[in-house]
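Asker: Quick one: the structure is below, and I'll ask about it shortly.
Read the figures in this text as sums done on the coordinates, not as results from a lab. Everything numeric here is computed off the predicted structure, so don't read it as measured data. Ideal geometry is used to build each Cβ from the backbone, glycine not excepted, and the neighbour counts take in all protein chains shown.
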Amino acid sequence: MKVTAAFLLAKLAGNENPTKGDLKNIFDSVGAEFDETKTDLFFSLVKDHDVTELIAAGREKMGALSSGGGAVAMVAGAGGDAPSAAEPATEPKKVEEEKEESDDGEGMMSLFD
């Protein structure tokens with residue numbers, strides 16, 4: 001991810017064709033460790049591709065992923081005692097607890113303890 005971020009940062013700065021040296025300079029400027037192997041792999045994967053096309057393809061792949069929201073609701077509705085999606089959920093019973101208040105503040109945590 002760091003290599004990709006540095007590459008895109010160089011592109012945003014106006015460098016149309018960032019090199020490995022340009023990315024190394026970005027890493028050095030923030031004190032990050034530069035990994036030549038990962039950088040070489042990155043450049044081998046993005047050569048001959050337009051960055052905007054790569055981003056568009058990545059968005060399509062991310063859009064195809066499920067967040068799990070519907071599956072979780074289906075599993076919860078399939079349980080024996082759990083209400084189904086067609087049944088309205090009942091409100092949980094409210095339990096009121098009396099709190100004892102202390103004038104000396106013994107029950108409260110201090111920021112400096």
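Asker: How far, in nm, would the chain grow between Lys38 and Leu8 when pulled straight, counting 0.36 nm per residue and subtracting the alpha carbon separation?
Answerer: This chain segment gains 9.3 nm when fully extended.
Asker: Can you compute 3J(HN,Hα) from phi for each residue in the stretch 5-18, using the Karplus curve 6.51 cos²θ - 1.76 cosθ + 1.60 with θ = phi - 60°, rounded to whole Hz and x for Gly and Pro?
Answerer: Listing the rounded values in order: 5, 5, 4, 5, 5, 5, 5, 5, 6, x, 7, 5, 10, x Hz.
Asker: Hey, with R₀ at 25 Å, roughly what FRET efficiency would Ser29 and Ala64 work out to, going by the Cβ-Cβ distance, to 0.05?
Answerer: My answer for the efficiency is 0.10.
Asker: How much space per residue, in cubic angstrom, does the convex hull of the C-alpha atoms of the stretch 2-64 take up?
Answerer: Each residue corresponds to 96 Å³ of Cα convex hull volume.
Asker: What is the local net charge at Lys24, summed over the other residues whose Cβ is closer than 13 Å to its Cβ (Lys, Arg +1; Asp, Glu -1)?
Answerer: Within the 13 Å Cβ shell, the charges total -3.
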